[in-house]
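All remarks here apply to the structure that follows.
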Amino acid sequence: MDNTTPKLDKNFQPHSLGIDVSHYQGDINWSTVELSGINFAYVKATGGETYKDPKFDKNWYLLRTTKVHRGAYHFFFAHDNPKTQAEHFIKTIGELREYDLPPMLDIEVSDHKSYKIVEERALIWLQEVEKGTKRIPIIYTNSSFGSEVLTQEKFSRYPLWIAEYGKEIKEIPSPWKHSGWTIWQHSMKGKINGINGHVDLNRFYSDSGKLLRFIEESHTESITIRP
């Protein structure tokens, strides 16, 4: 499948469906979400050096009771110490289970820092979280921010989660020109049973078997995934 210049249409198959949530979605009925055909879900864990999403613990625990693959994400502030942010995130999520999704770094604001500083500090966070979780994190960003700010080839080590709303992705940031995107957030206004109000909708680039392989390959130490 070509995931470098994708379009969202009836022929966009196969794929795994996912959502990402925070406390803004309120209390979620995860068993109902599972029945809606959702394969994976990322929940907000932390932001900056001290913020913890008030719904994280509940969402993180309840997802364990379903077959939905769970992942946690951190909202990055470039004006905060990246090592402190990484430590805060790692402490909050605890030890990942072997079939949990890799950690995600949400980076979409520069906080009035130079692009060079943003890149340097983001790479520190990614490296620290990789060491602390023994997983290769993924990067979430939008097309414009990623193309303007995240230009170092070093970022290509980390799979890309691109936010681009509509039926196609117009631009892939330069570090991922050849590898393409791994997850595509294509809508902010999804409706899923079990969640009140709108929720972000995402597509993994391939089917559930490839999603499981993606989880396996995110481990920096050899493991065997059990179905």
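The residues listed here are His69, His88; of these, the one that is in contact (Cβ under 8 Å) with a residue 12 or more places away in the chain and buried (at least 22 other Cβ atoms within 10 Å of the Cβ) is His69. List the residue pairs whose Cβ atoms are under 7 Å apart, where the first residue sits in region 191-216 and is farther than 18 Å from Ile136 by Cβ, the second is assigned to a loop (DSSP other than H, G, I, E, B) and among the aliphatic types (A, V, I, L, M), and the two are 6 or more positions apart or on different chains. Listed by first residue and then by second, the contacts come to Ile192/Ile38; Gly194/Ile28; Ile195/Ile28; Val199/Ile192.
Applying the criterion of being in contact with a Lys or Arg (Cβ under 8 Å, 6 or more places away or on another chain) and not aliphatic (A, V, I, L, M) to the residues of region 154-185, the residue that is nearest to Leu211 (Cα to Cα) is Trp184. Of all the criteria given as (1) open to solvent by 40 Å² or more (accessible area, probe 1.4 Å); (2) within 19 Å of the chain's Cα centre (by Cα), the one not satisfied by Gln25 is (1).
Here's the yes/no breakdown for (1) within 20 Å of Trp181 (Cα to Cα); (2) of a type in the set (S, T, N, Q); (3) open to solvent by less than 10 Å² (accessible area, probe 1.4 Å); (4) out of contact with any helix residue (DSSP H, G or I) (no Cβ under 9 Å at 6 or more places or on another chain):
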| position | (1), (2), (3), (4) |
| --- | --- |
| Leu96 | no, no, no, no |
| Asp100 | yes, no, yes, no |
| Pro103 | yes, no, yes, no |
| Lys113 | no, no, no, no |
| Ala122 | yes, no, yes, no |
| Glu128 | no, no, no, no |
| Ile136 | yes, no, no, no |
| Thr141 | yes, yes, yes, no |
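Just so you know, in region 35-51 the residues that are more than 20 Å from Glu130 (Cα to Cα) and in contact (Cβ under 8 Å) with a residue 40 or more places away in the chain include one that is surrounded by the fewest Cβ atoms within 10 Å (Cβ to Cβ), and it is Leu35. Note on region 12-64: residues that are closer than 30 Å to Ser110 by Cβ and of a type in the set (S, T, N, Q) amount to 5.
All told, Glu130 meets the bar of being touching a residue at least 60 places away in the same chain (Cβ under 8 Å) and on the phi < 0 side of the Ramachandran plot.
The values are calculated or read from the model by the stated rules, or taken from the named source; none is laboratory data. This is a predicted model, so every value here is computed, not measured. Because the Cβ atoms are built from the backbone with ideal geometry, glycine has one as well, and the counts that use them run over all protein chains shown. All accessible areas refer to the heavy atoms of the entire protein, side chains included, with ligands and DNA or RNA removed. Shrake-Rupley method; radii C 1.70, N 1.55, O 1.52, S 1.80 Å.
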